[in-house]
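Read through the structure below, which is laid out as structure tokens, and then see the notes.
Read-outs: derived from the displayed coordinates by stated rules, not from any lab. Everything quoted here is computed from the prediction, not taken from an experiment. For neighbour counting, all protein chains shown are included, and Cβ atoms are generated from backbone atoms with ideal geometry for every residue, glycine included.
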Amino acid sequence: MPRKKVLARSWAQSLDYLFNQRPAFEREGAKGYKPGLDVTIALDKLYDSPHRHYRIIHIAGTNGKGSTAHTLAAVLQQCGYRVGLFTSPHLVDFRERIRVNGRKVSRNYVMKWVADYRKKNIQTMEPSFFELVTIMAFDYFAWRKVDVAVIETGLGGRLDSSNIITPDLSIITNIGLEHQQFLGNTLEEIAHEKAGIIKQGHPVVVGHADGIVREVMNQVAQKHSAEISFAEDSPEVTTAKHCIDSLRLTTKNYGTLDYELTGDYQVENANTVLTAIDILRDLDFQISDKAVHDGFAHVVENTGLMGRWMKLNDKPLAICDSAHNPPGMQQAMKQLQAGNHKRLHMVLGFMGDKDVATMLKMMPKTANYYFTQAQTSRTMTVESLQQIAAQNGIKGIIYNNVADAYAAALSNAAPEDIVYVGGSMYVLAELLTHLGYDK
């Protein structure tokens, strides 16, 4: 068999092992959710606690943690640091989850790591997909001798697999109602779970929090003698306007920043990042103003981030975005409807465990709708989506795959229209793969 085919088969087998030895939450939903840190702690010991070899920034939150993580990583790279970046989920390639200075972990490393783990034959552990991948990332960063790692939680915080670390700085972007079946039914309960990443004596930055959420954050920070900063209390960004392929931010201390991420919701993330940078400087990170400017201007180039108000086509303008819960969708719809367009074409698909009815209520009734579904067992079927939409006064046409739905929307749209693709990261993943972004 040719070497390329052998490698491709070995790669497929490695991914199959990671995803299928136990159900993965991202594919199977509740069956794949495995709270608790005991197995991760045992794995960490098995690999000699690799996360103790570098500095860490730990990020949790309902929305914006991916953008915040990538932007911080981009800035730190511009400072000359070797930066590890661990995020989830991936869109088109598993290796997106684990990067060093923007470069994805190699297939060869992943295959060797999986083979090494399987040789250890620790059958009593039964780790989940995310537990294994978390330790893989920590081990890779140690092997690559990174200076600092930016670590994004998967789900929650307190019981998230990544929460075995003691970071220099914790960041909590914001709190909204999501994953209530795992994190709690109220904002207070969810806030307690996310605040679980706050560590004794180590500072924390919170992007946005009011009411009971702010009370919880203050209580947990005080309990752990952790200095807490709320980015919204002294926002760096004073104005924001859209320019060609950038969001131009006027700031108090950094002058004008051209942000490569152009969603309106990125203003809140920018404030969070800039507040975090102030704290990191106090912690002896050498971060110049120039590095901040260059990092903001080259987030995508430096880190490979995709799916955040991402332009896919010019005429008609086609945008895909990762908003997948009510708070995120509310912000996305506000920006979309404020755009300069004649008609909107909405390509939508959702996961079955999301509050789809609430998100549909936020959507314009006059748009053209193209309902689709991602190829995962967690997906909401197009038939169910069409039914829920009809109950909310929205009619749309069913397409059984994302590529067909997008093609139909592009075909029907006039040059001055806008095509929006969203509702689920998995819808974006299938479209971006179809469009060749996995190359």
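Quickly work out the LYS315-to-HIS224 label distance, labels modelled 7 Å from Cα along the C-beta direction, and quote it in nm with one decimal.
Each label point lies 7 Å from its Cα, and together they span 5.3 nm.
So how do CYS243, CYS79, CYS320 line up by other beta-carbon neighbours within 10 Å, fewest first?
By the 10 Å Cβ count, ascending, the order reads CYS243, CYS79, CYS320.
Any chance you could check the Cα centroid distance between the stretch 104-148 and the stretch 292-359 for me, in angstrom?
32
Give the dimensionless ratio obtained when the Cα radius of gyration of the chain is divided by 2.2 N^0.38 Å.
Expressed relative to 2.2 N^0.38 Å, the Cα Rg reads 0.96.
Ranked by Cβ crowding within 10 angstrom, fewest neighbours first, how are THR62, THR173, THR251, THR376 ordered?
Ranked by crowding around the Cβ, least crowded first: THR376, THR251, THR62, THR173.
For the pair ASP355/THR381, report the inter-label distance in nm, with labels modelled 7 Å from Cα in the Cβ direction.
2.6
Do you know the relative contact order of the stretch 310-434, to the nearest whole percent, from alpha carbon pairs under 8 angstrom that are 6+ apart?
Values: 249 pairs, mean separation 47.7, N = 125.
RCO, the stretch 310-434: 38 percent.
Pop the C-beta distance of THR250 and TYR17 into the FRET formula with R0 = 41 Å and round what comes out to the nearest 0.05.
Working: r = 50 Å, r/R0 = 1.22.
So the FRET efficiency works out to roughly 0.25.
Let me check against my output: what whole-number percent is the relative contact order of the chain, with C-alpha pairs under 8 Å and at least 6 apart?
It comes to 16 percent, rounded to a whole number.
Specify the inter-centroid distance of the stretch 373-435 and the stretch 158-172, based on alpha-carbon positions, in whole Å.
Measuring centre to centre over Cα atoms gives 35 Å.
Residues with amide H under 5 Å of ALA413's amide H, sequence separation 5 or more or different chain, H placed in the peptide plane at 1.01 Å from N; which?
For ALA413, no residues qualify.
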